[in-house]
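Asks: Here's a structure for you.
The values are calculated or read from the model by the stated rules, or taken from the named source; none is laboratory data. Note that this is a predicted model, so its numbers are computed, not measured. When we count neighbours, we look across all protein chains shown, and the Cβ atoms used for this are built from the backbone with ideal geometry, even at glycine.
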Amino acid sequence: MPRIAVLAVALCLAPPVVAAPPRAPGRAVAAPEAFSADAAYLHVRRLAGRIGPRPAGSAAYGRAARYVRGRFEALGYAVRRQGFPLPQGGRSWNLVARWPGDGEVRLLIGAHLDTVGGSPGGNDNASGVAVLLEVARILAGAGGPPRGLALVTFGAEEFQPGGIHHLGSDAYVDRMAPAERAALEMMVSADMIGKVRPFISASLQGTPRRAARVLARTARASGFRANVRALGDISDHGPFARAGMPAAFMWTGFEPNHHLPTDVVRNCRPRALVRAGTVLLRLVEERLAA
């Protein structure tokens, strides 16, 4: 996510993992107990710790993408690699995970996988990718997600040479057929969600707030505070909103180590991952499982 401000924040210890409750056959359950802080935090450690900075087009980005693809495929998802050119030369790509045999996409939840150069990207955005992978695990364990879900890791969200950004989400939107755009009921960009704070559910300035209000209501129904705001083009919801599709940005606010070498694993709080995952699982249930 592009740098916009700095606030001081405190760190806290990871909470214990609670076992998942029984599930109804064939139905995904959005229960707080289902989300494992430990499992999600392992992804943060892998991406921000072992792999580290992963700018678009780099070998490290390739390693991160292979890791994420491997996790999705091990859970049973079919993963499509969607490539696009970079202005500095070379290519990057998105990873689009769908349950085999699924139809049109009604709900898309995305998180960018890249970082700026020199920053391990613990909060920006290993946090979002980790939550996406843990949500994928829980839904797969329930027999697969409800029909209509796409889980996407976007490439090249950060600024590239020439001052352009959100290349991966732009590429995704550009390749959507008119029928696909009409079918998409909601897109959520999970970006920098590693702090235990009230959620910020944001629309793109100048576009409808409907998706942001839906996300905020879901967060409140999950027991968390959430504020609806209209913000600038600062995450991957932007290209979707500009194209007329309902889109929201899920955020937990400013990171003092944003885009710095100090955005390390410990900047991402395990309890924050549980909170975000709980909200997104509930959103999947509310929007798709009925």
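Asks: Inside the range 200-217, can you point out the residues that are within 19 Å of Ala276 (Cα to Cα) and either outside any helix (DSSP H, G or I) or aromatic (Phe, Trp, Tyr) (or both)? Steps first, please.
Replies: So in the range 200-217, the residues within 19 Å of Ala276 (Cα to Cα) come out as 200-203, 211-217.
Ile200, Ser201, Ala202, Ser203, listed by residue number.
Each row is one residue, and each column tells you yes or no for (1) free of Cβ contacts under 8 Å to residues at least 12 places away in the same chain; (2) basic (Lys, Arg); (3) farther than 29 Å from Glu104 by Cβ.
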position	(1), (2), (3)
Asp170	no, no, no
Ala183	no, no, no
Leu204	no, no, no
Arg213	no, yes, no
Arg217	yes, yes, no
Ala230	no, no, no
Trp251	no, no, no
Arg269	no, yes, yes
Arg275	no, yes, yes
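Asks: Is one or more of the residues making up the range 230-239 surrounded by fewer than 24 Cβ atoms within 10 Å (Cβ to Cβ), touching a strand residue (DSSP E or B) at 6+ places or on another chain (Cβ under 6 Å) and of a type in the set (A, V, I, L, M)?
Replies: Yes: one or more hits.
Asks: Out of Ala28, Ala40, I need the residue that is closer than 24 Å to Phe249 by Cα, in contact with a helix residue (DSSP H, G or I) (Cβ under 7 Å, 6 or more places away or on another chain) and modelled with pLDDT of 95 or more. Which one? Step through it out loud before you land on a result.
Replies: On the way: Ala28 fails: modelled with pLDDT of 95 or more.
Going through Ala28, Ala40 in turn, the sole match is Ala40.
Asks: Ok, one more. Select, from Pro87, Pro53, the only residue that is under 22 Å from Val265 (Cα atoms), assigned to a loop (DSSP other than H, G, I, E, B) and of a type outside the set (Lys, Arg).
Replies: Pro53
Asks: I've got another one for you. Pairs needed: first member in the range 119-140, in contact (Cβ under 8 Å) with a residue 40 or more places away in the chain and part of a helix (DSSP H, G or I); second member anywhere, surrounded by fewer than 24 Cβ atoms within 10 Å (Cβ to Cβ) and of a type in the set (S, T, N, Q); C-beta distance under 7 Å; at least 6 residues apart or different chains.
Replies: Glu134/Ser36
Asks: Quick check on the range 218-266: of everything there that is part of a loop (DSSP other than H, G, I, E, B) and polar (S, T, N, Q), which residue is nearest to Gly118 (Cα to Cα)?
Replies: Only one residue tops the list, namely Thr262.
Asks: Looking at the range 46-64, which of its residues are within 19 Å of Ile164 (Cβ to Cβ) and out of contact with any helix residue (DSSP H, G or I) (no Cβ under 6 Å at 6 or more places or on another chain)?
Replies: Pro55, Ala56, Gly57, Ser58, Tyr61
Asks: Take the conditions surrounded by 15 or more Cβ atoms within 10 Å (Cβ to Cβ), touching a residue at least 60 places away in the same chain (Cβ under 8 Å), among the hydrophobic types (A, V, I, L, M, F, W, C) and at negative phi and apply them to Leu75. Does it pass? First the steps, then the outcome.
Replies: Values: surrounded by 15 or more Cβ atoms within 10 Å (Cβ to Cβ): yes; touching a residue at least 60 places away in the same chain (Cβ under 8 Å): yes; among the hydrophobic types (A, V, I, L, M, F, W, C): yes; at negative phi: yes.
Judged against the criteria, Leu75 is a match.
Asks: Hey, Leu75 hits all of (1) within 13 Å of Ala136 (Cα to Cα); (2) in contact with an Asp or Glu (Cβ under 9 Å, 6 or more places away or on another chain) but one; which does it fall short on?
Replies: (2)
Asks: If you check Val188, Val173, Val135, which single one turns out to be of a type outside the set (S, T, N, Q), buried (at least 21 other Cβ atoms within 10 Å of the Cβ) and within 22 Å of Pro85 (Cα to Cα)?
Replies: Values: Val188 fails: within 22 Å of Pro85 (Cα to Cα); Val135 fails: within 22 Å of Pro85 (Cα to Cα).
Every option except Val173 fails the conditions.
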